[in-house]
1. Which length gain, in nm to one decimal place, applies between residue B:390 and residue B:365 when the Cα-Cα distance is subtracted from 0.36 nm times their residue separation?
2. Counting helices only, and only those DSSP H runs with n ≥ 4, report the 222 nm mean residue ellipticity of the protein assembly as shown as the sum of -39,500 (n - 2.57) divided by its residues, in deg cm²/dmol to the nearest 500.
3. State the volume of the convex hull built on the alpha-carbon positions of the stretch B:29-68, expressed per residue in Å³ and rounded to an integer.
4. How high is the FRET efficiency from residue B:28 to residue B:341, r the C-beta distance, R0 30 Å, rounded to 0.05?
5. Please arrange A:361, A:287 by counting, for each residue, the other beta carbons lying within 10 Å of its beta carbon, fewest first.
6. Can you figure out the FRET efficiency of residue A:243 with residue B:300, using R₀ = 45 Å and their beta-carbon distance, to the nearest 0.05?
7. Let's test the formula: R0 of 60 Å, r as the Cβ-Cβ distance of residue A:345 and residue A:185. What FRET efficiency results, to the nearest 0.05?
8. Calculate the mean, over all residues of peptide A:19-32, of how many other protein chain Cβ atoms lie within 10 angstrom of the residue's Cβ.
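No value in this document is a laboratory result; all are computed from the given coordinates. Predicted, not measured: the structure shown is a model, and the values here were computed from it. All Cβ positions, glycine included, derive from the backbone under ideal geometry; neighbour counts span all protein chains shown.
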């Protein structure tokens, strides 16, 4: 309990700073912060709103986990964005090329997406291992190349055939490629959701979170991953092959990134195809969430929910004449102050540990003999 | 004699041509020559005069300027030891401030606004990285998340109540930036008298090489907006400041050996703050150049140019001239898509690339590197085949070219690239 409390100090302080900064921004623009915050609270506190927040948070969470896997090993997979848009497009197209019974159809599309995400990420991994190319640089470049590739594929080869519309989009997926809603399950427990629909991809997100936790904390691979992240030299000395770890981690990160777009593609009836309206920046949101949630399965989930909550809360503000963009400022200042707060706490803990270790060493040498200490001091 | 002693490779010691080429100065001259000759040949063979026309060069200069400024911004930050992924966000801050001040006070205040907006973002990042020691990539990324939010908030508050301003666009600059044309060579005015346009005349003769060089020079000296001229001046000044002044030496020392710099009394923190402040200001200026080009702020105007600037930095091996060359290349690639009939120009460019690679293959004969030569010949043939078979190259193909080129350059030339030794590592006083 004490540990949890200590872990929450930094994010709580950061949230405080973010609220102060947004309040200042609101004051500067001539709006009442109190009114805005009260309005935001009203917008997030109904059962319907909570469902909408969860729906929004699901792809965010997957994006956060995809990035967090790499971060755990100090690998900055900035490329999650390119990996997922390419994966979503190819999977959306592949899904229209087959006709399968419902569960198999969904599974097929998911496998394609995971495979494409992993394949695109493997370029970064191979360049890093064989040519020592920094993964940040290569993944930034690959993001742009993926954007161009998606535009190219959508313009001609994957475009909905014989469509009269001018919008470039893939053909709509068949009904068999739908992940069912969870409404009946929730209503069975007695909660009324009103008009809101809870989309079924949530189940995948929860499974992914549990899988990530088990992989990280209960498997040999996870142990080696964390070890390499904390101390690469120690890991190498313990027999961990660094190149193999880099390859596996980046490709795993890409595979998970492939799933980011699947919530929209398979569970959200608004899309069910890849087109101009398809979300395109979830990978970058994922980076923010991995940073906020400190790469932990629970932390990233909390971050995703907060992110979605801010968006949901600020969305209707414009109707009242308050700029809804205050939400993005809130998110950005929260992120910036959180990373600073984490760093300050980390350095303080480090200093404390060092001081403690130094104290223990002096004690034990005092007990051993005075000569050794003197010799050490002289040196 | 000393020339021979300086040549590093003994394998090519007997061949005088190879010795000459092995020197960086002649190598650069040779690369430039190959470039001009292949472009000229491609222009004549394809009959597409727009490939090297002064109009194309002028557009390329205009599109290259913001990319070059972003690259130079990255240069200052990274030379002082901070990796700046936040360039994109700093440029965004530059655009919104330039749109705001440009709308109220005119184009020169747009320049000032861009600098101020970017500067604030740079200092904010420096607070995180230099003062608190936050990981540079993480902090830069946070700036990239924060900046578009601030920009959108500002445009909601400032532009929406003032039509034709909207959430995505400023009402438009009051007045436009003046343009400069060199007298005598390019037909500029001199006290109201129109001087002759000598380069223009030569360009129209369509001579081999000579007309192409005239086109290049005329493009660089005709109708150049003053903010672009300012960019060129800043580049020249930066090359001097960073390599010829005490401040430049200290700044670079903070990036190469912070502990050594500190032991000689240089404040590493101050240098890194200064590096990021200048970086932000230049990136913001790059944003202002974008705003002035279309006379207004538009949302998402930056469109990845900050990252492209980062690419030119790597491409140019962390040197101002290299950054300028990289930005010129990328600017040209973006610029031709803005010309009439871009597909045909791109097609002609494929031919130019094939010819250039053929020359490089001949060049690699001097070092007897058969493997490299075979590789180049293969690519040259592929490009030539692409020139013959494609009728209209895809626009997306052009869009990704700079990124693919950078990716290839980084993976092939990784050993030749030399970033500042301790960039990206947070440093505190007293640390070794």
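1. Full extension of this stretch gives 5.9 nm more.
2. Details: 33 runs with 564 residues, N = 811.
The helix contribution divided over the protein assembly as shown gives -23500 deg cm²/dmol.
3. On the way: hull volume 2.9 nm³, N = 40.
Measuring per residue, one finds 73 Å³ for the Cα hull of the stretch B:29-68.
4. Details: r = 32 Å, r/R0 = 1.08.
After rounding, the FRET efficiency stands at 0.40.
5. Working: A:361 12, A:287 28.
So the ranking, lowest neighbour count to highest, is A:361, A:287.
6. It comes out at approximately 0.70.
7. On the way: r = 40 Å, r/R0 = 0.67.
So, using R0 = 60 Å, E works out to roughly 0.90.
8. Numbers: counts 0, 0, 0, 1, 0, 0, 5, 2, 0, 2, 5, 1, 1, 0.
Averaged over the peptide's residues, the number is 1.
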